[in-house]
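Colleague: Take a look at the following structure, please.
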Amino acid sequence: MVATIIDSLIVVLLIGSIGYGYMVSMKLRHLMATLKELQPLVEEFSSAVDKSEQSVNNMRENIEVAQRKPEPVEEPTPAERQPGSAAFASRRAPTKPDGPERTGVRVVRDKKEMVRAFFENSSAAKG
């Protein structure tokens, strides 16, 4: 009698385990199908992140070049100027930088942080 109860309990637990394994398998298949659909979007996003990173690096290089002290330009003396020619400034007067404005800007160090920030912002926009 006790052996029959133990055997039936083992059979019920095995059936439950098989059912749970099947449910997990179906959810995993659904997840893999969803990931295959998202693959082109993730690749596009990754290439956009690479382009953005390259653009930021180019902008930093351009800023560094622009911030270097320019060589002095010799302006012609008033005697060398042609009479009747209009005088104009060949360069703008330097402005005093007040410092970078960082209102609403988050500094991102690498691609991993940029991707994480993107998904945080997209989930915040949906919710």
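Colleague: Expressed in nm to one decimal, what extension gain is obtained for the pair residue 29 and residue 41 from 0.36 nm per residue of sequence separation less their Cα-Cα distance?
Modeller: Working: separation 12, 0.36 × 12 = 4.32 nm, distance 1.95 nm.
Extra length available between residue 29 and residue 41 comes to 2.4 nm.
Colleague: Let me ask another. Starting from the Cα of residue 122, step 7 Å along the direction of its Cβ; do the same at residue 49; then give the gap between the two resulting points in nm.
Modeller: 1.0
Colleague: Report the extension gain between residue 14 and residue 61 in nm, rounded to one decimal, defined as 0.36 nm multiplied by the number of residues separating them, less their alpha carbon distance. Could the numbers behind the result be given before it?
Modeller: On the way: separation 47, 0.36 × 47 = 16.92 nm, distance 6.50 nm.
Taking 0.36 nm per residue and subtracting the Cα distance, the gain is 10.4 nm.
Colleague: Output the peptides 46-52, 23-29 sorted from most to least packed, where packing is the average of other Cβ atoms within 10 Å over each peptide's residues.
Modeller: The densest-packed peptide leads the list: 46-52, 23-29.
Throughout, read-outs are computed from the coordinates displayed, never taken from laboratory work. Just so it is clear, the structure is predicted and the values come from calculations on it, not from any experiment. Cβ: placed from backbone, ideal geometry, glycine included. Neighbour counts: every protein chain shown.
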